[in-house]
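This report concerns only the one structure given below.
The values are calculated or read from the model by the stated rules, or taken from the named source; none is laboratory data. Because the structure is predicted, anything quoted here is derived from the model rather than measured. Glycine also receives a Cβ, built like all others from the backbone with ideal geometry; neighbour counts cover every protein chain displayed. Ligands, DNA and RNA are stripped out before the accessible areas are found, and what is left, the full protein with its side chains, is counted by its heavy atoms. Shrake-Rupley method; radii C 1.70, N 1.55, O 1.52, S 1.80 Å.
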Amino acid sequence: MAQRPRSPAPVTVTVGPAWTGIALDGFKSVPSLRLSAEAPFSLRLDGERVQRVAPGATGLVRLRALRGLELRSARGRIPILLTPLGE
C-alpha cells in the first residue's frame, strides 16, 4: 500500500518592520499555506501585491504559481506561524 506524502510541519518565523523573504522550498509539496499571528502583519506576493492581515486573523496563500513571499510586522518583532495545508 502506498503512503501519502506527509505535509511539512508548521514553522514559526519572527519578522520585524523590514520585509523578510520566506524560503518556499520546504513547502513545495503542499498547495497552500496559512499565515497567522497575534499582531498585525503584511505579506507581499511576488514583490508586488501587498496584503495586510489583522491581529488574530489568518492569511491564505496558494503556492502553485507563487515565486516569492515576504512578510513584515506592523510594529516591532512578532512571530508568524506558517501552517502548510494539504488538499
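The table below lists the values:
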{"item": "Tally of residues being in a strand (DSSP E or B) and more than 15 Å from Gly16 (Cα to Cα) across the stretch 70-86", "result": "4"}
{"item": "Set Leu33, Leu45, Leu24: member being touching a helix residue (DSSP H, G or I) at 6+ places or on another chain (Cβ under 9 Å), within 16 Å of Ala65 (Cβ to Cβ) and surrounded by 12 or more Cβ atoms within 10 Å (Cβ to Cβ)", "result": "Leu33"}
{"item": "Total residues in the stretch 74-87, condition out of contact with any Pro (no Cβ under 6 Å at 6 or more places or on another chain), surrounded by 12 or more Cβ atoms within 10 Å (Cβ to Cβ) and more than 18 Å from Gly26 (Cβ to Cβ)", "result": "1"}
{"item": "Test: residue in the stretch 27-34 that is at positive phi and small (Gly, Ala, Ser)", "result": "no"}
{"item": "Pairs, first part of a loop (DSSP other than H, G, I, E, B) in the stretch 27-51, second buried (at least 17 other Cβ atoms within 10 Å of the Cβ) and of a type in the set (Asp, Glu), C-beta under 9 Å, six or more apart", "result": "Gly47/Glu70"}
{"item": "Among (1) of a type in the set (A, V, I, L, M); (2) surrounded by 14 or more Cβ atoms within 10 Å (Cβ to Cβ); (3) not in a strand (DSSP E or B) - the single one Val61 does not satisfy", "result": "(3)"}
{"item": "Meets criteria (open to solvent by 30 Å² or more (accessible area, probe 1.4 Å) and either among the polar types (S, T, N, Q) or in contact with a Phe, Trp or Tyr (Cβ under 9 Å, 6 or more places away or on another chain) (or both)) for Ser7", "result": "yes"}
